[in-house]
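So the structure is just underneath, and the comments pick up after that.
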Amino acid sequence: MDVDTDVLIVGAGGAGLAAALEATVNGARVLVVDAASEAGGTARTAGGGTFVAGSPLQARLGIDDSPDLALEDWLRWGGDSVDVEWARRYVEGSVPDLYDWLATLGVDWYDVHIQEGNRVPRWHEPRGGGLAVTTALEQAARAEPLIAWSLDTRVTDLVMEAGRVTGIVAEGPNGLVELRAGAVLLASGGFCNSLDMLRQNAGGSLPVDARILLGGGYGARGEGHSLLARVGAQFVNLDVVWMYPYATPDYLDEASARGLVCRGLKGEIWVNQQGVRFHNENLRGGATGTPALLRQSPPTCWTIVDARIADGYSVAHPRYRLGRAPYRDRLQQLLDGSPYVARGHTIDDLARAAGLDAGALRETVAGHNRLLALGAEQDPDFGRDLRGLEPLTEPPFYAIQFFPITRKNLGGVRTDLATRVLDQEDRPIPGLYAAGEVAGMAGGHVNGRAALEGTMFGPSVFSGRIAGKAMAA
Ligand SMILES: Cc1cc2nc3c(=O)[nH]c(=O)nc-3n(C[C@H](O)[C@H](O)[C@H](O)COP(=O)(O)OP(=O)(O)OC[C@H]3O[C@@H](n4cnc5c(N)ncnc54)[C@H](O)[C@@H]3O)c2cc1C
């Protein structure tokens, strides 16, 4: 077969870039195609926090960790549906194949944090966040003469001949093109920016009245999933969408479909529409905070803060921060201008502005303040650690309305350990590979039904590297 390139990669996010670099090691010619005008995908706006077990940085900080300990946590947290082989492979490779490899490309791992479900801190923070990591990957790839680029080009179909995927159809600046390749990799990300895909795949497990905000990468519309479905690929855990409970609608987004994740509200309390607390606010993850929020009627809540707490808040969106530095004026504009934020000089005013029961809210806030005044270390209702928190006393008070926000697909297309896409009978579809979020980060379901955090970006890059090697071979 005449080919235009040896390896064709759909998607220039972390998985696609890693795959491209790895494929060239064996001398393959690579073409990277992406619908966006720039490379980097979702991780450009992501934290880039990466789950690594047993790193030199952990050792320097006195954190005793190992792949075995990490795998135990991973399997306990993710439940029965973890792909154990992929998980083991990732955890064991996380230092040599990810941490060390990215460090050689210039990534500076500078801190480690603890996340829910982990017994020790493993969430490795790269200096400059996900943008710095994807920039390092892109720079290395741009310097490689075997890699060609076709940005602003949307893949609309896969070409299949005699049971083998032999190329793609794409729409780019020069119209419709058909390109042939020895192997095609789908590294097209998830569907966390598509309400239709969310409803179609996870709708059954969500309350009918749930308003879910979109928070995936802008290109995460599930187009790769549709291409894969058309050639008979097998999917797993598509209903497992990892959502966080602390996002407010982006009021500057015309449809208010996208959400803004609010962080740094130290000492906030969450109340439901009845004005009462319902959860330990420190448990904010997709396996704890989100199910608690979805059990409320209606499934929304308000975070209650005073002026002092509001001073320290941040929003994880480029409009509200440059790197990690917040734009304070824009953050204040959000508090003052969003219809999803209420404000009051007293708690009664606040309740009225937010449409909450004033008596209930007054009692909730007073009860919280009383506990702190008494020096309580733990809240008796939900076990929240109260140490270091200050009472809510400084007006103006704010109530920011929260809804669940989509962030990551923990399920996707199934692949074998060489990232070859499997059909309904578990047979590899010749010529077709998948890595990254479209493959549930790796293999289809490396996380199972819950993620230890940092287990999306890392496994995406990791599976991308494996795909690159496999395709070039
Ligand atoms: C705000 C945010 C913060 C996050 N923070 C973290 C974190 O700290 N740690 C962590 O582990 N994970 C995090 N994640 C998740 C993680 O960033 C992603 O899971 C991961 O980067 C996915 O990489 P990918 O290469 O598989 O896909 P993507 O990076 O989404 O790349 C897919 C690419 O495919 C392109 N594409 C899609 N369809 C087509 C098509 N039809 N034709 C051509 N191109 C197409 C897209 O334009 C995109 O560039 C975060 C996610 C978000 C949204």
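Expressed in units of 2.2 N^0.38 Å, where N is the residue count, the Cα radius of gyration of the chain is 1.01.
Any idea what the dipole of the range 242-406 comes to, in debye rounded to 20, about its Cα centre with Lys/Arg Cβ at +1 and Asp/Glu Cβ at -1? Could the numbers behind the result be given before it?
Numbers: 18 positive and 19 negative charges, 89 e Å.
Roughly 420 debye for the range 242-406.
One way to sum up the overall shape of the range 2-98 is the equivalent ellipsoid from its Cα gyration tensor, whose semi-axes run 31, 16, 15 Å, largest first.
Sorted fewest first by neighbouring Cβ atoms within 10 angstrom, Cys262, Cys192 come out as Cys262, Cys192.
Per Stokes-Einstein, at 25 °C and 0.890 mPa s, what whole-number D in µm² s⁻¹ belongs to the range 223-309, with the Kirkwood radius over Cα pairs as the hydrodynamic radius?
Here the translational diffusion coefficient equals 160 µm²/s.
How much of the pair distance distribution for the range 91-157 lies past 20 Å, counting alpha-carbon pairs only, in percent? Of the Cα pairs, 46 percent sit more than 20 Å apart. Compute the Cα gyration tensor for the range 242-406, then decide on rounded, prolate or oblate, letting a ≥ b ≥ c be the square roots of its eigenvalues: rounded whenever a/c is under 1.5, prolate when a/b is larger than b/c in the other cases, and oblate in all that remain. Taking the square roots of the gyration eigenvalues as a ≥ b ≥ c, the range 242-406 is rounded.
Could you state the number of Å between the C-alpha centres of the range 383-416 and the range 189-206? Distance between centres, Cα-based: 20 Å. By the count of other C-beta atoms within 10 Å, a proxy for reagent exposure, Glu394, Glu223 are ordered fewest to most as Glu394, Glu223.
All of the numbers you see were taken from the coordinates with simple rules; none came from a lab. Computed from a predicted model, the values in this text were never measured in an experiment. For neighbour counting, all protein chains shown are included, and Cβ atoms are generated from backbone atoms with ideal geometry for every residue, glycine included.
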